[in-house]
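Participant: This is the structure, below, for whatever I ask next.
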Amino acid sequence: MVAYRAGAPIRVSQFLNDVRHLARSFPPCTHVLNACVDRYHFTVGLAAALASGRVSLLPSSQAPQMLRQLSLFAPDAICLSDEAEISNGLRCMSYPRERFAATADPAPCLAACGVPEVDEAQLVAYVFTSGSTGTPLPHPKTFGRLIACVREQARRLDLTDSARWALLATVPPQHMYGFEASVLLPLASGHALCAERPFYPADIAAALERLPRPRALITTPVHLRALLSSGVVLPPADLVLASTAPLSQQLAAETERRFDTRLLEIYGSTETGQIAIRRPTHTAEWRLWPGVSLEVAGEATWARGGHIERPTRLQDLLEKTGADRFLLHGRVADLVNIAGKRSSLAYLNHQLNSIPGVEDGAFFHAEEPSNSHTGVARVAACVVAPALDAAQLLEALRERIDAVFLPRPLLFVERLPRNATGKLPQEPLRSLAAAHAKPATIA
Amino acid sequence: MSDQVASLRKPSAAADADALTAEVAGLIVQALNLEVAPAEIAPDRPLYGEGLGLDSIDILEIALVVSKQYGVQLRADSEENGRIFGSLRQLVEYITAHRTK
């Protein structure tokens, strides 16, 4: 069993068939931008690209500007999609929906769990992060390292060989966490992924309930909070996995109680992939993946070794507590993380100031809302743009950045509160936000 | 007789719908700390994406307040967010049809 859709199994032979057919259907190209929403379609697309020597592109957002920049990065790329055509300057290809006739006999070349024979050094994909210069940065991911990383994950999660697990995820397969945990992990370790990506609490519970046991839920703090406060009856799970933002002790404990299982938390980044794990109800300490080492120098922490492709500077403040252990102390001030999507104030400011009509503008961290169920704090922005109104500005921003980073509130002012050296301290910005009740105001 | 009853029913049902619409609009503005007044949300304006500018986190937040207030569990089924959240009117219709509180 390679996958489930709405509780119905999809067999390995079907998967290999679909992969073979899709691989043959690609037009000439060396890159495939995989925008499939259905996780099974995504995985077939990934495997088909891999099997035909193509590299997959996994964008961090679907903002039109990002996709246009990716087309500059890989001009021959085709965009594989299973939904409405995305107009972004790329050639588009619809995921072929018709069922390919399954062969009567099981596929003869059944490699372990459907993973094709691939060279360790083969480039599987590029994942992208937002750079401070405004251009997306590519991060290459090679086959051997990806597989080693997720096989270790299977060990750490205690997904034993004797049982075939079903893994349900609420995260997208293009995001590094989802790519590892909900696509590569099942593929590389002989477990089943789930095609659907449920959103509402009632749908998540129903999708989980439909799956045979043992079953795991791969999710984020935003969704966990929503699930626990929704009033929906939660079916038992055999594992809950969380990542993308720190989880509070209370949330972790309640999750374990309500799902009657272990909750494990993953720490990682787009550049490095996952690098550490912990069980938050038992310890605050994170344990590193084999071979990974951390070097802490003041506010900068560098991670290298193991499955990490290149030494990477992490965006959080870490404290080493042992050779393979650390504590997490919070984020570096420039980092923006909203519901698991990562950006930086520098990148957002670059985008804002590139908009015609904006004379000066700055994003800053808004206060966390006290009455929120989802607990998501937003970014706010102050802008000097006498010729623009809010609607025009937001539309221009929407072209350039992911929707979750759209500023709330958006304040129009005559002048930004820069100090004598031209810098913008956070405090005056926050005071401005507190003083203004409506978006379009002249200071 | 039945005509009289029918015409008596219509205005009150419409009034109920208006009251519920105002109530739901108020819930949305309050839950999301929006900068518009509830009365400014046009009933047929899209909530998601370019209309009111809500994103998926907001949709989740609204789903939670709606379930607490009206006992309705939002489901995607075969619909996308676009249907239930296509407009305030559609959301209110969905709540009206499924509320248990």
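Every number in this text was worked out from the coordinates using simple rules, so none of it is lab data. Computed from a predicted structure; not experimentally measured. Heads up, the Cβs are rebuilt from the backbone with ideal geometry, glycines too, and the neighbour counts pull from every protein chain shown.
Participant: From the Cα gyration tensor of segment A:1-84, with a ≥ b ≥ c the square roots of its eigenvalues, which class applies: rounded if a/c is under 1.5, or else prolate if a/b is larger than b/c, or else oblate? Intermediate results must be reported in sequence, preceding the final value.
Facilitator: Working: a/c = 2.93, a/b = 1.57, b/c = 1.87.
Here segment A:1-84 falls in the oblate category.
Participant: Something else now. Once the Cα atoms of helix A:390-400 and of chain A are each reduced to a long axis, what angle between those two axes, in degrees from 0 to 90 to the nearest 10, is obtained?
Facilitator: Around 40 degrees separate the two axes.
Participant: Among rounded, prolate and oblate, which fits chain A when a ≥ b ≥ c are the square roots of the eigenvalues of its C-alpha gyration tensor, a/c under 1.5 means rounded, and a/b larger than b/c means prolate?
Facilitator: Since a/c reaches 1.5 and a/b is larger than b/c, the shape of chain A is classed as prolate.
Participant: Where a Cα-Cα gap under 19 Å defines reach, which aspartates and glutamates qualify for A:K423, not counting those fewer than 8 residues away within the same chain?
Facilitator: By straight Cα distance, A:K423 reaches A:D334, A:E359, A:D360, A:E414.
Participant: Past 32 Å, Cα to Cα, is the threshold; run A:K341/B:K101; A:K341/B:K68; A:K320/A:K341 against it and keep the listed order.
Facilitator: Details: A:K341/B:K101 35 Å; A:K341/B:K68 27 Å; A:K320/A:K341 26 Å.
Long pairs (Cα-Cα over 32 Å): A:K341/B:K101.
Participant: In chain A, with Lys and Arg counted as +1 and Asp and Glu as -1 at Cβ, which of these residues, A:A396, A:I275, A:G361, has the Cα nearest the positive end of the dipole, that is, farthest along it?
Facilitator: The residue sitting most towards the positive pole is A:I275.
Participant: For segment B:13-101, just run the numbers: alpha carbon Rg, then divide by 2.2 N^0.38 Å, N being how many residues it has.
Facilitator: That ratio works out to 0.98.
Participant: Here's something else I'd like to know. Label A:V332 and A:T283 with points 7 Å out from Cα along Cα→Cβ: what is the distance between them in nm?
Facilitator: For the pair A:V332/A:T283, the computed spacing is 2.7 nm.
Participant: Follow-up. Between A:V292, A:V127, A:V32, where does the largest GNM mean-square fluctuation fall for chain A, given springs only between Cα atoms within less than 10 Å?
Facilitator: In the Gaussian network model the winner is A:V292.
Participant: While we're looking at this one, here's another question. Count, for each residue of B:57-69, the Cβ atoms from other chains sitting within 10 Å of its Cβ, then give me the mean as a whole number.
Facilitator: Per residue, the average neighbour count from other chains is 6.
Participant: Right, another one. Counting helices only, and only those DSSP H runs with n ≥ 4, report the 222 nm mean residue ellipticity of chain A as the sum of -39,500 (n - 2.57) divided by its residues, in deg cm²/dmol to the nearest 500.
Facilitator: Using -39500 (n - 2.57) per qualifying helix, the result is -8000 deg cm²/dmol.
Participant: Here's a follow-up. Along the charge dipole of chain A, which of A:A323, A:L411, A:P235 sits closest to the positive end, that is, farthest toward it, with unit charges on the beta carbon of Lys, Arg, Asp and Glu (+1, +1, -1, -1)?
Facilitator: The Cα lying farthest towards the positive end belongs to A:P235.
Participant: Continuing with the same structure: What aspartates and glutamates does A:K141 reach when the alpha-carbon gap must be under 14 Å and sequence neighbours fewer than 8 apart in one chain are set aside?
Facilitator: A:D119, A:E120, A:E180, A:E271, A:E309
Participant: So for B:Y70, A:Y267, fewest C-beta neighbours within 10 Å to most, what's the order?
Facilitator: B:Y70, A:Y267
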